[in-house]
Amino acid sequence: MSEERDSGTNNNSSFGFSGTTTNNRGYLSYYGPGGRMLLVESALEAVSRGSTTIGIKTSTFALTSSHIKPTRPLMEPSEKIFTIDEHVGATGSGYIGDILQLIDELRLEAQKHRLTFESPIDIASLVKHLSSYLHTYTIYAVRPQAASIIIAGKDQMGTQMYQVDPGGTYFRGSAFTIGQSSDVALDVIQHEYSADMTPEQAIQISRKAIEKAVGEQKPLVDTGIISVTEQLFKKL
Amino acid sequence: MTTIVGIKTKEGVVLGSDKRASKGFFIGSKITQKISKIDDTLAIAIAGQLSDAEHLVKVAKAERRLVELRRGFPLSVKESTRLIANLAYSGLKNYQPYFVELLVGGVDDEGGHVYVADMSGAITGEDFAASGSGSPIAYGVLESIYHKEITNEQAKEIATKAVAAAMERDPGSGNGIDILVIPKLLIVKSTKEARG
């Protein structure tokens, strides 16, 4: 009888855990059908249920904004825009606990760079550190961080914007949307984006995008911005 | 032992050194290279224990390559010096100091720089500097001739004079002079975007 090959679609009963499967030899497998990484995909799914979060960048500024889900009366909502260092800010979508952990990792790396080189960290190095940090969670039997992070900052190369996903994948670009109905938000930004808009216009666009995405009038939105004319990343 | 000098100019930076390596009262080598090129924009002049200095230079070289590949643009002269000074400082605090005094000379977006990094881990930015047993004599020459509007060609001459004067009276220095000129970058500011 020929050996049955792991189809990946077999049961996961031996662990009772949908993020992994077991192959015919009984070993735990992180890969699913078609070579997909199940745990990472689950993390991405969790991110897509998170609050709608946006990053917009032109050559003169980089802006991050995030929807703050309404909380119960008397309860303060948690902050969603984070200063990483003087010249860098970040926001995220997914499990807030995971986001906070990653934010702290970024802050730590930024200060380590200052100690080592006596200069502010460049955004590419910061992003690469976060990427490799997240990547380690994809090669061991642990839960990947269920958070995507948008990083906005400036360095010698000008304004910078990146999105980093739970698997460690990262993208460089001028606009990102993550979280709930992020495709709706991205549609709005794609229509209204122009390379020479003012920060005020960008704030309006990001508000509109979040409004459309969450289907709510006047949603609570947290915003942060860094521009070439000012030294610091500012929370608005 | 040794005489090394570094001079910042409006066109870049000039480093100079003698070529003698002393073993006590014996001349161990007459053709020592005391100026190490890290790359086209940075060099380090070495005074002190050669093995310690060589190690620091090797680490600086590797780290500079690595950082440039990762972030898409090179370390500044100050960043490179701080990196070396951190190694020196941790050595000192672990009771295994690097017995060196280094002159770090290079050019970046801001122009030429000369930094002095010693075994204590301290760094100072200077217009000109000298180090090694011949440095008091070299300083005498540098102090009397240096001015801020100096060109690379003039700095080359002054560096040669300073090291030559030290070689005349300092028994730890001699056997010829090495000079390295690093001209300022032609590109004022890199417009290339970081990739990957």
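Where a number appears in this text, it was derived from the coordinates with a stated rule and is not lab data. None of these values were measured; they are calculated from a predicted model. Here the Cβ is made from the backbone with ideal geometry for all residues, glycine too, and neighbour counts use every protein chain on show.
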Handout entry: Candidates A:Gln160, A:Gln180, A:Gln217, ranked by Gaussian network fluctuation over chain A, Cα under 10 Å, top entry
Key = A:Gln217
Problem - For the protein assembly as shown, the Rg and Dmax computed from alpha carbons only, in angstrom - result: 28.4, 94
Practice task
For the stretch A:154-214 and the stretch A:81-136, write down the distance between their C-alpha centroids in whole Å.
Solution key: 19
Handout entry: 0 to 90° range, to nearest 10: angle between helix B:152-169 axis and chain B longest Cα axis
Key = 30
Problem - Proximal charge balance of B:Pro183 [Cβ under 12 Å; K/R count +1, D/E count -1] - result: 0
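Let me check I've understood the local charge: for B:Thr9, count other residues with C-beta under 12 angstrom from its C-beta, Lys and Arg +1, Asp and Glu -1. What total comes out? Walk me through the numbers before you get to the answer.
Numbers: positive: B:Lys8, B:Lys10, B:Lys148, B:Lys156, B:Lys184; negative: B:Glu11, B:Asp127, B:Glu149, B:Glu153, B:Glu157.
So the environment of B:Thr9 carries a net charge of 0.
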Fill in the blank from the handout: With the 8 Å Cα cutoff and a minimum separation of six or more residues, the stretch B:85-150 has a relative contact order in percent of 27
Exercise for the section: Measure nothing but the geometry: give the 0 to 90° angle between the long axis through the Cα atoms of B:50-71 and the longest principal axis through the Cα atoms of chain B, rounded to 10°. Expected result: 10
Practice task
Could you work out which residue, out of B:Leu102, B:Leu83, B:Leu92, moves most in a Gaussian network model of chain B, that is, has the largest mean-square fluctuation with Cα springs under 10 Å?
Solution key: B:Leu92
Fill in the blank from the handout: Applied in sequence order to the stretch A:145-150, the curve 6.51 cos²θ - 1.76 cosθ + 1.60 (Karplus, θ = phi - 60°) yields integer Hz couplings, x standing for Gly and Pro, of 5, 8, 7, 9, 10, 10
Handout entry: Bins of 5 Å from zero: percent of alpha-carbon pairs in the stretch B:4-183
Key = 1, 9, 18, 22, 20, 16, 9, 3, 1, 0
Fill in the blank from the handout: What helix-only [θ] at 222 nm does chain A give? Using -39500 (n - 2.57) per DSSP H run of at least 4, over all residues, to the nearest 500, the answer is -10000 deg cm²/dmol
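Counting only C-alpha contacts under 8 Å and six or more residues apart, can you give the relative contact order of the stretch B:4-183 as a whole percent?
Working: 412 pairs, mean separation 61.7, N = 180.
Computed over the stretch B:4-183, the figure is 34 percent.
Between A:Lys208 and B:Asp40, how high is the FRET efficiency from 1/(1 + (r/R0)^6) when r is the Cβ-Cβ distance and R₀ = 51 Å? Nearest 0.05. Write out the running numbers ahead of the final one.
On the way: r = 50 Å, r/R0 = 0.98.
Computed FRET efficiency for A:Lys208 and B:Asp40 comes out at 0.55.
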Problem - Cα-Cα P(r), the stretch A:50-235, percent of pairs per 10 Å interval - result: 10, 39, 36, 14, 1
Exercise for the section: Taking chain B as the reference, fit the longest principal axis to its C-alpha atoms, fit the long axis of helix B:135-145 to the helix C-alpha atoms, and give the angle between the two in degrees, 0 to 90, nearest 10. Expected result: 70
Practice task
Please state, to two decimals, what the Cα-based radius of gyration of the stretch B:1-84 comes to when divided by 2.2 N^0.38 Å (N = residues).
Solution key: 1.22
Handout entry: Peptides A:134-145, A:95-106 ordered by average Cβ neighbours within 10 Å, highest first
Key = A:95-106, A:134-145
Completion exercise
Across B:Gly172, B:Gly28, B:Gly91, the residue with the highest GNM fluctuation in chain B (Cα network, 10 Å cutoff) is B:Gly28
